[in-house]
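Q: Structure below; questions to follow.
Taken together, the values in this text are just the output of simple stated rules run on the coordinates, not laboratory data. Nothing here was measured: the structure is a model prediction, and the numbers come from that model. All Cβ positions, even for glycine, are placed from backbone atoms using ideal geometry, and neighbour counts span all protein chains on display.
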Amino acid sequence: MHAAALPQPASDALQSEVWATEVAFARSMAERDFAAFARHLSEHAVFWSGRQVLRGKAAVLEQWKRYYEGPQAPFSWQPDEVVVLGDGLLASSTGPVRDAAGKLVARFRSVWRRETDGRWLIVLDRGEAADPSRP
C-alpha cells in the first residue's frame, strides 16, 4: 500500500517566504526589537554560541538578550541564499554577518521549519568564521 502523495508547495513561493522571514529576523536586531527576535524562535531551537550549544528558546533568549541592549546593534546579518526542502517543511538560509562598522566577521547558517500554521520558525543556527574570498 502506498501513501497518497502530498501536494508539493511552490518552491519559489516558499523560498520567498523564508527569505522575507530571515530579513524580518535580521531587522529585529537593527531595530533593537527583542520581542520580534523571540517570535522567530522555535521552542526547541538550538543555537551554537562559540563552543557552547544553547538548547531551547529560553536558553537562546537568555544568551542573546545582551545583543539587544543599547541603542546600536553590535552586528547585522542578511541572507544571500535560501534553499527549501522539496516537501516545503524545512529551509536553510545563509549569509554574511557584519560588525557595527560593516566589516565582514562571520557567516550564519540557519535552518527554518514551517509550522502547521504556516509560520517559519528557526530551529538551528550556527555562525562560522568568515571566508575572506566570499563577500
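Q: Which percent of Cα pairs goes in each bin when the distances of the chain are cut into 10 angstrom slices starting at zero?
A: Going out from 0 Å in 10 Å bins, the chain shows 12, 41, 34, 10, 3, 1 percent.
Q: Related question: Among 100, 15, 30, flag the residue with its Cα farthest along the positive direction of the charge dipole of the chain, charges on Cβ as +1 for Lys/Arg and -1 for Asp/Glu.
A: Checking the options against the dipole of the chain, the answer is 100.
Q: Compute, for the stretch 83-135, the length of the dipole vector about the Cα centre, with Cβ point charges of +1 (Lys, Arg) and -1 (Asp, Glu) only. Units Debye, rounded to 20.
A: 160 debye
Q: Which net charge results when you count Lys and Arg as +1 and Asp and Glu as -1 among the other residues whose beta-carbon is under 15 Å from that of residue 89?
A: Summing Lys and Arg as +1 and Asp and Glu as -1 gives -1.
Q: In nm, give the distance between the simple-model label positions of residue 80 and residue 115, each being 7 Å from the Cα along the Cα-to-Cβ direction.
A: Modelled inter-label distance: 3.1 nm.
Q: Of the beta bridges DSSP finds with both residues in the chain, what % are antiparallel, to the nearest 5?
A: Rounded to the nearest five, the antiparallel share is 90 percent.
Q: Ok, one more. If I stretch the segment between residue 49 and residue 69 completely, what's the gain in nm (0.36 nm per residue apart, minus their alpha carbon distance), one decimal?
A: Going from the current span to full extension adds 5.4 nm.
Q: Here's something else I'd like to know. Measure nothing but the geometry: give the 0 to 90° angle between the long axis through the Cα atoms of 11-30 and the longest principal axis through the Cα atoms of the chain, rounded to 10°.
A: Between helix and principal axis, roughly 20 degrees.
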